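**Q** One structure, as structure tokens, below. Some questions next.
The values are calculated or read from the model by the stated rules, or taken from the named source; none is laboratory data. Keep in mind that this is a model prediction, so the values were computed, not measured. When we count neighbours, we look across all protein chains shown, and the Cβ atoms used for this are built from the backbone with ideal geometry, even at glycine.
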Amino acid sequence: MAEPSRMPYVGRSMLRREDRRLLLGEGQYVGDLQLPRMLHAAFVRSPMAHARIRSVDLARAAAAPGVALVLSGTELAQLLPTIPDHQVSLPSKWRTAVRHHILNPQQALLAADKVRHVGEAFAVVVAESRYAAEDAAALVEAQFDPLPAVVDPEDGLRPSAPIVHEQFGTNLICELAVAKGDAEGALRDAPHRLQRRFHHHRYAALPIECRGVVGAYDARTHSLTIWSATQVVHWVRREVAATLGMPEARVRCVALDVGGGFGVKGHVYPEDLLIPFLARRLGRPVKWIEDRHEHLMCSCHSRDQIHDVEIGFDGDGRIRAFHDRFLVDCGAFNPIGSGAMYNTIAHLIGPYRIDHFAAEAKIVATNKVPNAPYRGAGRPEAALVTERVMDLIAARLELEPAEVRRRNMIRPEEMPYHLGILYRDGEPIIYDGGDYPAALEKALIAVGGLAAFRRRQSEARREGRHLGIGIGCYTEGTGAGPFEGATVRIEPSGKIFVASGACPQGQGMETIFSQIVADIWSVEPEDVVISLADTAAIPMGFGTIASRSTVTLSAAIHHASERLRKKTFAIAANLLECGSEDLELRNGMVGVIGVPGMAVPLGKVAQAARPGWDHGRPPGVKAGLDETYYWEPPTVTWSYAVHAAIVEVDVGTGGIKIERYAVAHDCGVVVNPMLVEGQIIGGTVQGIGGGLFERFAYDSDGQLLTGSLMDYMMPTASDVPDIALAHQHSPSPLNPLGVKGLGEGGAIAPPVAIANAVADALAPFRAEFNVTPIMPEQIVAAVRQGAVKNTHTQLGVQP
Amino acid sequence: MKPAIFEYHAPTTIDAAIGLLARYQGEARLLAGGQSLLPMMNFRLVSPAAIIDLNRIPDLAYIRNENGTVRLGAMTRQRTVEFSPIVAKYLPLLVEAIKFVAHLPIRSRGTIGGSIAHADPAAELPMVLQALEGEVVARGPAGERLIKATDLFQGLLTTSLAPDEMIVEVRLAAIPAHAGCAVEEFARRRGDFAIAAVAAVVERAGERCIKARLATAGIGSTSVRLTAAEAILERDGLGDTVIEEAAAKAAEMVSPLSDQQASVEYRRHLTRVLTERALRRARSIH
Amino acid sequence: MPEPITVRVTVNGKRFEQTCEPRKLLVDFLREDLGLTGTHVGCEHGVCGACTILFNGEAVRSCIMLAVQADGAELGTIEGLAEDGEFHPLQQAFHENHGLQCGFCTPGVLMLALDFLRLNPSPTDQEIREAISAVLCRCTGYRDIVRSIAAAAGKMRTARTR
């Protein structure tokens, strides 16, 4: 389309246009919003894990200074329905092909009959300040009849278990099975078998900005504006409109600058509906900014899966059969249904050739904070299983773990590779390109080479020091549907306006898409005006989750631009009195190919496109110069990476230090290398946090023990090493730009790479690490038990 | 997470502060650095009726060396301690320990008196007071008294200070130039409270250990002296086997807490490991 | 109800006088009473560092200070870093080295970096890492923050402007 001799912007590490306002302190986050006569909300949250609400007395709270309104769940239930139960619809292709049973407990905006987790809100106070609202919230008197709590998903499935959602009569709210080949038969026939349990524990996104919602009602137009720190403005708008009985055209949802999301802001929460409702009811803007204590007990947690696997393999370490039965502890509600759980199933096979595979999964309700996707969304759990299995096979056969992987890996010449099971969009999984063995080599080289490490490890062992190397490989389906939209419009000024429902939280989308549009239209990035995360700018949108926005929005922009270019050329041809086929885009103009002086600026074409007298359009061409295109991806496109970690373990204290860490990564065509690296490193450090530090802990009564950032520990700069990166590029065949998603990938492999590295470091003690996070105390215990095992071996005694 | 309402006072003399403490009969809290108090108030774990802000009282922050005793005003900022030439010269153990205290911005506000009075079991400064056999000057309505470290820390977040008393000065004897000292701390991340820490000061004369002092943080409900372990060293010297024996004794002596970070057993194990490491390092410093 | 207190404070060289409740946190005072929303709230218990400002030149956590404690003090916040809209070397370095993604922790990181670089104008990368372990960032994984501060340190040593 555009003249080829220009240096493309795609592929350049352009500096970000977002930076200026953020560095000056002029970013605007939802907490910064000040509106005239604004009121502040505070929620009253359950101190109990599971209880019937006998009574809620709001009298003292209502009389407190500065209070405008107090509301309990019982009163609210008369006014508003529950959150609609299908936040993510499952495509019919998937529903007909996959054996499934799904129940979806609906969450009331405020708990009325029962509280089902510590932190569930059952009343709300609105007052002149957050300080006053918290004072009043402390005066709400509630009487509870405690019920026994379900805190373990296996216990939750026992016949005698307390039931979280009595209307179902069970805590088993979802069950799925997927199979390929004959796993049982292949397991029976396999020369070797192993059986293990793995637990990938409960942790979460914890962005530095908590959630927040501001609602404002305009009585003149009967319209609501919602500002929410969300990743899904169109979902919020749709649910608010439905819940409050308003036309979507009268509800606008905007996400301002969002301080990190990583998935936890990726669905509609009760507060997204309740705050706008309160604003409309009170006729004054209402603001709710979640504080950190609340965040830990009501913003969704994630992961939390227990896997029981049986693996059959041969003497060369090749996997013959893979059977996984697992449980997901989804907490009290399940907003994204089977999303993450099915991701786990779809990603268990990973970059390997496994012909006989079966997975059965159950989602169990418990009295904990609800479970929703967080960066990786089910894939880290899969990686923990498969990558630990690789190392366990290696240990059994006394092979190098890297060699076991090589023998199982799908080779580049086998691409495109049909996995034999479906993705959650209902399409057959086809790995669309990539070189997994090469990535493995690159990652190992980037940490200094395997042979060199083994020499160093032996020397260190002689000195009483324990070094270990661990690998984590994964494949990742990215750029999922159902769709994303783009409006592309050329202004009379010559600027190109692009609007989309994508919702950034720090990824640098304004920069990336200005690079893409600049290349498509042969303009400068500064001439591209971008509107994101605003339902007023484009009628339909999906939002930013699941590593999808670069893929889906670039494709939507491409297709909208294709159509718009045809129209632009038709009008320009009319102005220049030539044929469309003679034209090209060059430097903000439409010009005749080979005739430098004969061109018309895009802005002039836009003016000519206007309706009315003396327009410049040829007959049959409608007025206006914009196109909206909703791109529906054929299916996901497949990124992958290999992580390698070298650790040193202090067997005295159990302390773990990551000495070196490398990622060899492929996300297809790269739009902005600097931003890609930032995403990979950021994700990797979050993954390291999940592997070593971050953990939600509950006691047997369902009390949350990790209610502050002193207890829920996140990695700091001195906990993580510098991370080396290596890149491969296998362009995607599924979208015009050839890009693949990468936002989540970094977080997938670190927990298992570290578990493998620690196990390797403690190989003399025959220690296994199949549960995350890896804690120093476990290391000390493993060393002690290993010493016992070794002593018994020396003595010829059964341990 | 906003604090509840309180009456606010900013006295300009110590006597006025003490008078206010007496008036509120235990319902008021002193505000020194606020780095422990404000988080608790934001969580509404404590909601005092009144805050007595000590930050407007002049002359409560100083560091002086007087005849071999370093005297630090209670309101001396940890950051000031960290960069003080007097502390560097006479109290190297304190310099080493203070680098474990949280992070620079916390040390900008946190005070030495505040940390000691708060008596968090995992805090490093009470451990230093114990290891150096320091004392605090406490002032109340009846006047001033000296409280030795061993008499000050009574239990979890509890000192022997009366409800109407406040610390005005911390006194630490200068460490002899020939002594070796070391702090060994195990925490999950840099700057965290100690899961376990041991501070060691040893003075040797040839093969003999003429004085050994060992104190803990993070292990039990208060910082304690490991006196039985000290006795072993003072009796048998600083050889490898003696150090191992002393470390084993230390592990036996302590009453570890169990919490989310660590079990009793693990803390006991760390006591042994860290005591050994601290002693090995301390004895090699000359 | 306690008496409201008057806070007279200089922020980024400009004098302010505002009345508030004694319990008002300094970070809320800055954001709400003075309209300086560049400093952010991340945890309200002194752990994440997003609220870091300069208090008489030293980095402090404004979420665990009371506004009244700032009476008579000189504060520095992110809004005071640039001069006439022109980036301070720290801001320029963060821009050139991708030292921020969502930007929420960034004001706290910059204020901490200012204090740190005054104490240690020629830090090693390891020293920078240790210093910024005082602030939590969920987006960057810290690498590019370290690079940004190292680059800024170089420029600031050359310029010796601040």
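**Q** Go through the range C:134-153 and count every residue that is of a type outside the set (D, E) and either modelled with pLDDT under 95 or within 19 Å of A:P207 (Cβ to Cβ) (or both).
**A** Of the residues in the range C:134-153, 11 are of a type outside the set (D, E) and either modelled with pLDDT under 95 or within 19 Å of A:P207 (Cβ to Cβ) (or both).
**Q** Any idea how many residues of the range A:148-164 are within 25 Å of A:V44 (Cα to Cα) and crowded, with 19+ Cβ neighbours inside 10 Å?
**A** So the count comes out to 4.
**Q** Only one of C:G103, C:G85, C:G80, C:G57 is within 11 Å of chain A (Cβ to nearest Cβ) and either farther than 29 Å from A:Q507 by Cβ or touching a helix residue (DSSP H, G or I) at 6+ places or on another chain (Cβ under 6 Å) (or both); which?
**A** Result: C:G103 is the single residue among C:G103, C:G85, C:G80, C:G57 that is within 11 Å of chain A (Cβ to nearest Cβ) and either farther than 29 Å from A:Q507 by Cβ or touching a helix residue (DSSP H, G or I) at 6+ places or on another chain (Cβ under 6 Å) (or both).
**Q** Run down A:G579, A:G597 and say which single residue is modelled with pLDDT of 95 or more, among the small types (G, A, S) and surrounded by fewer than 17 Cβ atoms within 10 Å (Cβ to Cβ).
**A** A:G579
**Q** If the requirement is being of a type in the set (G, A, S), in the same structural domain as A:A346 (by TED's automatic domain parsing), in a strand (DSSP E or B) and buried (at least 24 other Cβ atoms within 10 Å of the Cβ), which of these qualifies: A:G420, A:G472?
**A** None of the others qualify; the one that does is A:G472.
**Q** Restrict the check to the range A:12-32 and report whether at least one residue is part of a loop (DSSP other than H, G, I, E, B) and over 26 Å from A:M674 (Cα atoms).
**A** Within the range A:12-32, the subset part of a loop (DSSP other than H, G, I, E, B) is A:12-18, A:24-28.
Applying the additional criterion that residues be over 26 Å from A:M674 (Cα atoms) yields none.
Scanning the range A:12-32 turns up no residue that is part of a loop (DSSP other than H, G, I, E, B) and over 26 Å from A:M674 (Cα atoms).
**Q** Restricting attention to the range A:651-692, which residues are within 30 Å of A:A518 (Cβ to Cβ) and of a type in the set (D, E)?
**A** A:D666, A:E677, listed by residue number.
**Q** Being part of a helix (DSSP H, G or I) and touching a residue at least 40 places away in the same chain (Cβ under 8 Å) is the filter here; which residues of the range C:1-43 pass it?
**A** C:L26, C:F29, C:L30
**Q** From C:T10, C:T39, which residue is of a type in the set (S, T, N, Q) and facing another protein chain (nearest Cβ under 9 Å)?
**A** Working: C:T10 fails: facing another protein chain (nearest Cβ under 9 Å).
Exactly one residue qualifies, and that residue is C:T39.
**Q** Another one. Within the range B:109-128, track down each residue that is in contact with a strand residue (DSSP E or B) (Cβ under 7 Å, 6 or more places away or on another chain) and away from every other protein chain (no Cβ under 14 Å).
**A** B:I112, B:G113, B:I116, B:A117, B:A119, B:E124, B:P126, B:M127, B:V128
**Q** While we're on this one: Out of A:R238, A:R220, report the one residue that is without any contact (Cβ under 8 Å) to a residue 12 or more places away in the chain, under 20 Å from A:S500 (Cβ atoms) and of a type outside the set (S, T, N, Q). Lay out the reasoning, then the answer.
**A** Details: A:R220 fails: under 20 Å from A:S500 (Cβ atoms).
Of the residues listed, the single one that is without any contact (Cβ under 8 Å) to a residue 12 or more places away in the chain, under 20 Å from A:S500 (Cβ atoms) and of a type outside the set (S, T, N, Q) is A:R238.
**Q** I've got another one for you. Take A:V98 and tell me if it is of a type in the set (V, I, T) and within 17 Å of A:D272 (Cβ to Cβ).
**A** Judged against the criteria, A:V98 is not a match.
**Q** Looking at the range B:27-52, which of its residues are of a type outside the set (S, T, N, Q) and not in a loop (DSSP other than H, G, I, E, B)?
**A** B:A28, B:R29, B:L30, B:L31, B:L37, B:L38, B:P39, B:M40, B:M41, B:A50, B:I51, B:I52
**Q** For the range A:203-298, list the helices (runs of 4 or more DSSP H) that sit wholly inside it and hold at least 2 residues that are in contact with a Phe, Trp or Tyr (Cβ under 6 Å, 6 or more places away or on another chain) and not assigned by TED's automatic domain parsing to the domain that holds A:Q703; which are they?
**A** Qualifying helices (runs of 4 or more DSSP H): A:270-282.
**Q** Somewhere in the range A:723-740, is a residue among the basic types (K, R), within 30 Å of A:E120 (Cα to Cα) and either in contact with a Gly (Cβ under 9 Å, 6 or more places away or on another chain) or away from chain C (no Cβ under 14 Å) (or both)?
**A** no
**Q** Scan the range C:117-136 for residues that are closer than 24 Å to A:M713 by Cα and more than 7 Å from chain A (Cβ to nearest Cβ) and report the count.
**A** Here the count works out to 7.
**Q** Take the residues of the range C:13-36 that are basic (K, R) and in contact with a helix residue (DSSP H, G or I) (Cβ under 9 Å, 6 or more places away or on another chain): which is farthest from the other protein chains (Cβ to nearest Cβ)?
**A** C:K14
**Q** Taking helices (runs of 4 or more DSSP H) that fall entirely within the range B:69-140, which contain at least 2 residues that are aliphatic (A, V, I, L, M)? I'd like the intermediate steps shown before the answer.
**A** Numbers: elements: B:78-83, B:85-90, B:92-98, B:104-109, B:112-118, B:124-131.
Qualifying helices (runs of 4 or more DSSP H): B:85-90, B:92-98, B:104-109, B:112-118, B:124-131.
**Q** Does the range C:140-147 contain any residue that is among the aromatic types (F, W, Y) and touching a residue at least 24 places away in the same chain (Cβ under 8 Å)?
**A** Within the range C:140-147, none of the residues are among the aromatic types (F, W, Y) and touching a residue at least 24 places away in the same chain (Cβ under 8 Å).
**Q** Specify the residue that is farthest from the other protein chains (Cβ to nearest Cβ); the eligible residues are those in the range A:635-691 that are among the aromatic types (F, W, Y) and under 29 Å from A:A763 (Cβ atoms).
**A** A:Y640
**Q** Here's something else I'd like to know. If you scan the range B:4-33, which residues turn out to be among the β-branched types (V, I, T) and at the interface with another protein chain (Cβ under 9 Å from one of its Cβ atoms)? Spell out the reasoning first.
**A** Quick first cut of the range B:4-33, residues among the β-branched types (V, I, T) only: B:5, B:12-14, B:18.
The answer is B:I5, and nothing else.
**Q** How many residues, within the range A:180-201, are within 30 Å of A:G506 (Cβ to Cβ) and away from every other protein chain (no Cβ under 14 Å)?
**A** 1
**Q** For the range B:245-265, indicate whether the set of residues that are surrounded by fewer than 23 Cβ atoms within 10 Å (Cβ to Cβ), at pLDDT below 95, of a type in the set (A, V, I, L, M, F, W, C) and not in a helix (DSSP H, G or I) is non-empty.
**A** Within the range B:245-265, not a single residue is surrounded by fewer than 23 Cβ atoms within 10 Å (Cβ to Cβ), at pLDDT below 95, of a type in the set (A, V, I, L, M, F, W, C) and not in a helix (DSSP H, G or I).
**Q** What are the pairs with Cβ atoms under 9 angstrom where one residue, in the range A:581-595, is assigned to a strand (DSSP E or B) and the other, located anywhere, is of a type in the set (S, T, Y)? Sequence gap at least six, or different chains.
**A** A:L583/A:T568; A:E584/A:S522; A:L585/A:S522; A:L585/A:T568; A:R586/A:S522; A:M589/A:S522; A:V590/A:T568
**Q** Residues that are surrounded by fewer than 22 Cβ atoms within 10 Å (Cβ to Cβ): list the strands (runs of 3 or more DSSP E) wholly contained in the range A:606-704 that include at least 3 such residues. If you could, list the steps in order and put the result at the bottom.
**A** On the way: elements: A:626-631, A:637-649, A:656-666.
Once the strands (runs of 3 or more DSSP E) in the range A:606-704 are filtered for at least 3 residues that are surrounded by fewer than 22 Cβ atoms within 10 Å (Cβ to Cβ), what remains is A:626-631, A:656-666.
**Q** Okay, moving on. Which one of these does C:H95 not meet: (1) touching an Asp or Glu at 6+ places or on another chain (Cβ under 6 Å); (2) crowded, with 21+ Cβ neighbours inside 10 Å?
**A** (2)
**Q** Moving on to the next point. Considering B:A28, B:A17, B:A74, B:A32, which residue is closer than 19 Å to B:H118 by Cβ, in the same structural domain as B:I106 (by TED's automatic domain parsing) and in contact with a Leu (Cβ under 7 Å, 6 or more places away or on another chain)?
**A** Details: B:A28 fails: in the same structural domain as B:I106 (by TED's automatic domain parsing); B:A17 fails: in the same structural domain as B:I106 (by TED's automatic domain parsing); B:A32 fails: in the same structural domain as B:I106 (by TED's automatic domain parsing).
Going through B:A28, B:A17, B:A74, B:A32 in turn, the sole match is B:A74.
**Q** Do we find that C:G46 is within 10 Å of chain A (Cβ to nearest Cβ), free of Cβ contacts under 8 Å to residues at least 40 places away in the same chain, crowded, with 23+ Cβ neighbours inside 10 Å and of a type in the set (G, A, S) in this structure?
**A** Working: within 10 Å of chain A (Cβ to nearest Cβ): yes; free of Cβ contacts under 8 Å to residues at least 40 places away in the same chain: yes; crowded, with 23+ Cβ neighbours inside 10 Å: yes; of a type in the set (G, A, S): yes.
It is true that C:G46 is within 10 Å of chain A (Cβ to nearest Cβ), free of Cβ contacts under 8 Å to residues at least 40 places away in the same chain, crowded, with 23+ Cβ neighbours inside 10 Å and of a type in the set (G, A, S).
**Q** For the range C:145-156, enumerate the residues that are more than 18 Å from the chain's Cα centre (by Cα) and within 12 Å of another protein chain (Cβ to nearest Cβ). If you could, list the steps in order and put the result at the bottom.
**A** Quick first cut of the range C:145-156, residues more than 18 Å from the chain's Cα centre (by Cα) only: C:147, C:151, C:154-155.
Of everything in the range C:145-156, just one residue is more than 18 Å from the chain's Cα centre (by Cα) and within 12 Å of another protein chain (Cβ to nearest Cβ), namely C:R147.
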